[in-house]
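One structure below.
The values are calculated or read from the model by the stated rules, or taken from the named source; none is laboratory data. As the structure is a computational prediction, the values presented were derived from the model and not from experiment. Note that each Cβ is placed from the backbone with ideal geometry, even for glycine, and that neighbours are counted across all protein chains shown.
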Amino acid sequence: MVVTRFAPSPTGYLHLGNARTAIFSYLFARHHGGKFILRIEDTDRERSKKEYEESLVEDLRWLGLDWDEFYRQSERFDIYRKYVDQLLEKGYAYPCFCTEEELERERREAELKKIPYRYSGRCRNLTEREVERLKAEGRPYAIRFRVPDGRTVVFEDLIKGKIAINVDDFGDFIIVRSDGTPTYNLVVVIDDALMGVTHVLRGEDHISNTPKQILIYKALGFEPPSFAHLPVILGPDRSKLSKRHGAVSVASYREEGYLPEALFNYLCLLGWTPPSGDREVFLKEELIEIFDLKDVNRSPAVFSVEKLRWMNGVYIREVVSRERLYEAALPFLKEAGYPVEDREYVMKVLELTRDAYETFKEMVIRLRPFFVDEVEIPENLMNPLRDARDVLSEFLKRLEGADLSSPDKVKEFVKGIIRDMNLKPRQVWHPLRVALTGEEEGVGVDILMSVLPKEKLRSRVERVLSCLG
RNA sequence: GCCCCCGUCGUCUAGCCUGGCCUAGGACGCCGGCCUUUCACGCCGGAAACGCGGGUUCAAAUCCCGCCGGGGGUGCCA
């Protein structure tokens with residue numbers, strides 16, 4: 001059975017890049033009818049925060065992901081200890097008493113001599129007596145993995161192909177910190193092995209960790225899983241997408257009024273190509289059906305808010321159901337302070353206007369005239385209105401007996417005025433729009449007139465007329 | 001510096017493995033037109049790319065070599 005996992009560290013909010021990794025891991029597992037695990041990698045107690053963990057889980061759920069198992073590494077330290085002992089016993093690891101200052105000095109020296117830095121291996125060959133003595137002195141110590149000399153670790157990456165790295169490129173690395181907590185490279189191996197993970201999907205920034213982990217797998221007698229290293233997501237300047245490029249957290253897109261379905265879909269298009277045709281809009285279920293690692297790209301992709309925005313528009317206007325649209329839009333309408341008690345009214349407005357905005361933030365602005373009591377007319381728009389006084393009074397005169405039950409009926413009604421007054425369409429529509437919305441552009445006036453109660457239409461126009469004197 | 005990864009329109013990409021069907025296809029964005037009560041939506045059209053240099057071949061985006069460019073890693077972070 002295929003088992004994948006998403007293993008974020010709770011040191012910040014869910015980043016778009018990590019979200020995509022999670023999505024690919026999820027799609028891959030679901031596609032193969034396998035298991036998807038969420039594992040919180042919080043071995044670094046200094047930087048891990050509970051609030052981040054909670055927001056991670058919330059964002060993942062919001063995106064539409066679900067998992068079969070959940071783990072927290074901070075609760076598994078006992079398990080790791082056993083394996084560390086095993087490595088120590090068999091000589092695959094050894095205690096290191098070097099202090100941070102000493103290591104810092106080594107690093108600086110290497111830099112000065114312009115040679116690549118590796119740990120010197122000073123504590124590598126301490127005798128048992130020396131170790132005992134140092135321990136007795138109460139000296140704190142970390143535990144390092146003993147990297148064999150001169151070996152080249154080769155693995156077949158499912159996306160990049162064959163990757164070979166000489167282990168001389170890195171020295172003996174730390175697997176347990178001097179405070180006793182295990183590090184990432186160790187626990188990721190133990191957990192993946194114990195949890196039966198068959199495919200590790202992660203960002204390509206982990207490629208250099210992979211040989212270290214393979215060494216540990218071997219030392220522990222585990223069979224390494226398959227690896228698939230996803231290309232990173234870049235910002236507009238082609239460097240790794242980060243805060244300085246703007247909003248990069250999933251949460252910020254939720255707050256901006258993006259649908260999770262659209263974000264999910266868009267993220268999939270970053271570095272993966274659907275196999276069939278030119279279609280790019282796919283529901284989660286379809287993505288599960290067609291997702292395949294062989295269609296994942298090798299090269300990094302630049303994140304484009306414009307395209308995300310476009311896709312969100314597609315979802316709003318033609319993909320999601322009216323119920324889903326209502327459910328997703330409601331919080332934004334509420335937050336704007338619009339009255340939303342009348343469910344039918346809100347539904348109707350949303351349905352008629354869904355092609356007029358691409359995010360819910362934009363919707364709030366666009367839909368203002370549908371929800372506020374009174375509209376303010378900017379001073380500069382009053383003058384043009386003055387010339388259309390007779391149009392407005394004619395409108396008022398005919399309003400009572402008019403059938404405004406649908407946008408089409410409204411069109412008929414307005415056409416009547418245009419015809420009878422012998423005017424151009426614009427000479428009637430424009431003043432009506434300004435009088436009813438206070439704006440010169442926006443959602444169709446026919447739509448507005450068909451949903452707003454007649455009393456409201458009347459009062460808005462009357463108010464304008466009285467202002468004009 | 002060293003190691004690793006990557007390189008087709010501005011961006012996401014198809015094509016590359018299995019050379020000719022590529023006058024390099026699609027999408028976002030952009031420009032123009034149509035529709036129209038403005039903007040938008042929709043429809044139609046357009047500009048826009050094989051990083052460079054060698055080779056192999058009748059023929060190269062596709063195969064080989066070199067260069068250049070970009071990115072990532074180089075932690076007692078993950």
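Mind listing whichever residues of segment A:135-160 are outside any loop (DSSP other than H, G, I, E, B) and either surrounded by 13 or more Cβ atoms within 10 Å (Cβ to Cβ) or among the charged types (D, E, K, R) (or both)? Show your work before the answer.
Restricting attention to segment A:135-160, the residues satisfying the condition of being outside any loop (DSSP other than H, G, I, E, B) are A:135-136, A:142-145, A:152-157.
Scanning segment A:135-160 gives A:K135, A:A142, A:I143, A:R144, A:F145, A:V153, A:F155, A:E156, A:D157.
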- The lone exception for A:T4 - which of (1) of a type in the set (S, T, Y); (2) away from RNA strand B (no atom under 11 Å from the Cβ); (3) more than 24 Å from A:G196 (Cβ to Cβ) it fails: (3)
- Spot the failing condition for A:N422; the list is (1) at negative phi; (2) surrounded by fewer than 15 Cβ atoms within 10 Å (Cβ to Cβ), and only one is missed. (1)
- Where residues in segment A:338-371 are acidic (D, E) and away from RNA strand B (no atom under 13 Å from the Cβ), which of them is nearest to A:S252 (Cα to Cα)? A:E351
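Which of the residues that make up segment A:318-354 are touching a residue at least 40 places away in the same chain (Cβ under 8 Å) and outside any helix (DSSP H, G or I)? Let's see the steps before the verdict.
Looking only at segment A:318-354, we keep the residues that are touching a residue at least 40 places away in the same chain (Cβ under 8 Å), and these are A:319-320, A:328, A:332, A:345, A:348-349, A:352-353.
Scanning segment A:318-354 gives a single hit, A:V320.
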- Message: Against the conditions (1) within 22 Å of A:L465 (Cα to Cα); (2) modelled with pLDDT under 95, where does A:F370 fall short? Just the number, please.
- Response: (2)
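Which of the residues that make up segment A:191-227 are of a type in the set (G, A, S), in a strand (DSSP E or B) and within 9 Å of RNA strand B (Cβ to nearest atom)?
Looking only at segment A:191-227, we keep the residues that are of a type in the set (G, A, S), and these are A:193, A:196, A:203, A:208, A:219, A:221, A:226.
Checking the rest, the ones that are also in a strand (DSSP E or B) come to A:203, A:226.
Within segment A:191-227, just A:G203 meets the criteria.
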- Would you check which residues across segment A:433-447 are more than 9 Å from RNA strand B (Cβ to nearest atom), at negative phi and out of contact with any Lys or Arg (no Cβ under 8 Å at 6 or more places or on another chain) and list them? A:V434
- Query: List the pairs whose first member sits in segment A:147-169 and is over 17 Å from A:Y117 (Cα atoms), whose second member is more than 8 Å from RNA strand B (Cβ to nearest atom) and polar (S, T, N, Q), and whose Cβ atoms are under 7 Å apart, counting only residues at least 6 apart or on separate chains?
  - Reply: A:F155/A:T210; A:L158/A:S226; A:A164/A:T152
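Give segment A:301-312 a look and list any residue that's among the β-branched types (V, I, T) and part of a strand (DSSP E or B), or say none. It would help to see each step written out before you state the result.
Quick first cut of segment A:301-312, residues among the β-branched types (V, I, T) only: A:302, A:305.
Result: A:V302, single match.
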- Query: Can you name every residue in segment A:48-103 that is within 18 Å of A:G12 (Cα to Cα) and more than 22 Å from the chain's Cα centre (by Cα)?
  - Reply: A:Q73, A:S74
- Pairs, please: C-beta under 7 Å, at least 6 apart or cross-chain, first residue at pLDDT 95 or above and in segment A:18-33, second of a type in the set (D, E, K, R) and buried (at least 24 other Cβ atoms within 10 Å of the Cβ)? A:S25/A:R5
- Message: With the structure loaded, tell me whether A:R139 is under 30 Å from A:K49 (Cβ atoms) and in contact (Cβ under 8 Å) with a residue 24 or more places away in the chain or whether it fails that test.
- Response: no
